[in-house]
Structure formats: structure tokens, C-alpha cells
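Below is one structure; the comments refer to it alone.
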Amino acid sequence: MQKLLTLIETPKDDSENLLGKSKWLLDSGASYHMTGELRKLAQDAHPIIVNMPNGQHSVATKRGMVQLNSNVTLHDVLYVPNLNCNLISIAQLVDELFCAVTFAHKLCVIQDHSMKRPTGVSEQRRGVFFFKNLEDIQVNKVTTCELWYRRLGHPSKQVMSLLSSRW
């Protein structure tokens with residue numbers, strides 16, 4: 001987890017806007033994925049009443065699909081007028097992608113169930129988890145020997161030297 005934390009860029013400007021529409025926030029309280037950007041969604045939807053954080057109500061009338069990266073596509077994303085952020089419903093995400101979502105200190109990792117590989121990462125800033133595109137994060141290349149070492153736990157130096165000599 002600490003290694004993943006070091007891979008995520010820290011914003012240089014502390015006044016970053018929480019409500020920036022290009023950012024997607026993970027929300028454990030959201031029933032649906034939602035956005036205030038109509039251009040992303042095309043299909044008409046049966047009207048759904050949405051309770052806004054300020055106590056007001058809005059009606060979602062459009063829905064569609066949004067691809068966050070090559071591994072994460074959100075389905076049934078609702079267009080909610082006057083919503084000035086993008087929300088990822090954790091419950092809907094887990095159901096759609098059949099994935100695991102793990103929260104840790106300042107980090108959230110989305111993993112597929114079969115291979116347990118990360119498909120998405122979220123970084124906590126000021127109490128909010130921002131979705132980060134894995135493709136934008138620089139990851140150090142790992143050798144096959146290192147992968148075996150990690151997979152096997154802590155094998156002896158003899159086993160590691162044997163593995164190293166074969167590669």
C-alpha cells in the first residue's frame with residue numbers, strides 16, 4: 001500500500017477545486033454513478049429524483065456510459081442537472097465490475113476479483129477520495145525474479161540465486 005501511495009502524484013496547488021468536473025470522486029453514499037456533464041450521456045432515462053447534498057432535489061433524465069480508463073467503465077451513469085461534481089457509487093461499481101474496493105490510509109484500491117490486479121486507485125485529499133487513472137501513474141518495471149520472490153514470500157538466498165541464474 002505504501003508503494004502505491006508513493007506512485008500517486010501529490011497536487012502542488014493546495015487550493016485545488018473539489019468540484020472540478022473532470023475529477024471523479026468515490027462516494028459510499030451514492031446510489032448511482034452521477035455527473036453534471038450532459039455531453040457524456042445520451043440515453044433518455046425514466047426520471048429519478050436525486051437528493052442533493054444541500055438538501056435540494058434534482059431529477060435525472062439522462063443516462064449513459066463513461067470510460068474512466070481501459071479497465072474501468074461506468075454503466076448507467078445518471079445526468080443530474082446542477083450537480084457540480086462527478087460521483088462514482090461504490091455499491092454500483094462493485095456490482096458492475098465484480099471488484100474489490102479496499103480503503104486504507106489516504107488510499108483506495110479497486111481490484112478485479114480474479115487476478116487481484118489493481119484496475120483503479122483513488123487518493124484521499126481533504127477527506128475525499130479522487131479517482132486516479134492507473135495509466136497516468138508511473139510504475140516501476142519489476143523483473144520476473146522479483147515477481148517470483150514476492151509471490152513465494154521470502155524464499156532462501158539459494159532459491160533466489162537459482163531463480164536469478166535461470167533468467
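Results, tabulated for the structure shown:
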item: Qualifying residue in the range 110-122 (condition: assigned to a strand (DSSP E or B), closer than 19 Å to GLN43 by Cα, touching a residue at least 12 places away in the same chain (Cβ under 8 Å) and hydroxyl-bearing (Ser, Thr, Tyr)); result: no
item: Enumeration of residues in the range 40-74 that are touching a residue at least 60 places away in the same chain (Cβ under 8 Å) and either in a strand (DSSP E or B) or surrounded by 11 or more Cβ atoms within 10 Å (Cβ to Cβ) (or both); result: LEU68, ASN69, ASN71
item: Any hit, the range 78-100, residues being more than 18 Å from GLN43 (Cβ to Cβ), in a strand (DSSP E or B), without any contact (Cβ under 8 Å) to a residue 60 or more places away in the chain and not charged (D, E, K, R); result: yes
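Each value in this text was obtained by applying a stated rule to the coordinates, not by laboratory testing. Here the structure is a predicted model, which is why all the values come from computation and not from measurement. Ideal geometry is used to build each Cβ from the backbone, glycine not excepted, and the neighbour counts take in all protein chains shown.
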